[in-house]
1. Just to check I understand the Karplus step: with θ = phi - 60° and J = 6.51 cos²θ - 1.76 cosθ + 1.60, what whole-Hz values come out for segment 217-233, glycine and proline as x?
2. Please order ARG93, ARG143, ARG294 by the number of other Cβ within 10 Å, starting at the fewest.
3. Report the Cα centroid-to-centroid distance between segment 300-366 and segment 77-104 in angstrom, as an integer.
4. Below 8 Å between Cα atoms, with a sequence gap of 6+, how large is the relative contact order for segment 50-137 in percent?
5. Please rank VAL345, VAL270, VAL130, fewest neighbouring Cβ atoms within 10 Å first, as an exposure proxy.
6. Using 0.36 nm times the number of residues separating ARG54 and ASP104, minus their current alpha carbon distance, what extension gain do you get?
7. What list do you get for THR84, THR349 if you sort them by fewest beta carbons within 10 Å?
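Read-outs: derived from the displayed coordinates by stated rules, not from any lab. Quick caveat: nothing in here was measured; it's all calculated off a predicted structure. Positions of Cβ are generated from backbone atoms using ideal geometry, with glycine treated the same way; all protein chains shown enter the neighbour counts.
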Amino acid sequence: MRALGLVVLVLGCGDDSTSITPDAAHPDAAAMPDASSSDGGPMSCNRQLASADRVRRVVVSHPFASNQNDWEVLALSAGGTLATSGTHFQMGRATEGEIVLTPDGEIGAAAQSDGSVGVFQLDADGTPHVISASLSGSFYAVRLVMDPSGDFIWVLDTQWRNNGGGIYRVRIGCDGMPSDEGPWAASKLPAGPTITSSAASFGDDQAIVASMTQSSDGQFVLIGDNSEFSGIPNRVAVLAISGSAVEHKQVLSPVNDPVALVPSPFDNTVLATSGYGNALYVLETQASATEPYRIRGELTYQGARPQLPGATVAITRGMLRGRVLVAEVGGVRQVQFAAGAVVTVRGLTLLGSGSEATVGALGVQP
């Protein structure tokens, strides 16, 4: 897939990348009740955030195991110790991506390799129950975004528009049962909901967008390009945000295969995971109006260096605020942000050996 790298409501491709406002995007937007409305529409299930300091359940897929539908539940203590629990369950196959969970951490969902959405429930002790192993709807799910209310999931279908590309919505019932509500906004190759203004990111049409994030203070958007076909070294574009305006600032290069970009919650430091580079890089700010970021360099690892780091999830609450989990071959690595642009690797939790232990999708309770 080739994308021009435009920052819009959806990060799209070609001339179909347009600024869309939520009210106008859906043909029936005016008639669509809010999740918490009292006009006959579905009521909110009031999924409140759980305690910030508790044992969190981490869920991973093992897509390259002999049973490719294998999923595992891990336990992350309030102090940051990640341990296996021996608990596995079966759903669809997911080779990558983030598993999203409701604010209370009870209902989880993942985009699966066949375009379906798998939905599961976690008991208080971490026992999993599959609600829908493979929800196939009007979409081909590539990425999921959990709505802050926890009442529905935004499904990104990154196909061309004539094949159904766009943003879809799946309602989560109070019993956890998902229901496809159909398309919410049409788009060509959407990659992620974001800003309604637009600006050229890389200055050419050679980029393949692999990742995107916004800095902690909201002033910058960073976009990763991991094209293998352009002949241009992989890079990260930096754009500044001022009100509703977006301005291209710079391109950081080379950053080999930036498959994930994770912002620090303490400052504007960003962690970049390099898949093919088997590395973790730090991007930090500097005192320059025209080049606000620079590549600090690679982190120092505990033990072996990363192997094909992929999916990442960050914790933003409690004692583990700033903790990032990174999926790798063999297990899950932890990285810790701290104030003052400090980034430290905490180590790798092995989940076994060989392809059985390789982690694909990854998620953690809020």
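1. With the stated coefficients, segment 217-233 comes to 8, x, 8, 9, 10, 10, 10, x, 10, 10, 4, 9, 10, 7, x, 9, x Hz.
2. Details: ARG93 23, ARG143 18, ARG294 14.
In order of increasing Cβ crowding within 10 Å: ARG294, ARG143, ARG93.
3. 12
4. Values: 190 pairs, mean separation 18.3, N = 88.
Answer for segment 50-137 is 21 percent.
5. Values: VAL345 19, VAL270 29, VAL130 15.
Arranged by neighbour count, lowest to highest, VAL345, VAL270, VAL130 become VAL130, VAL345, VAL270.
6. 16.8 nm
7. Numbers: THR84 16, THR349 19.
Listing THR84, THR349 from fewest to most nearby Cβ atoms yields THR84, THR349.
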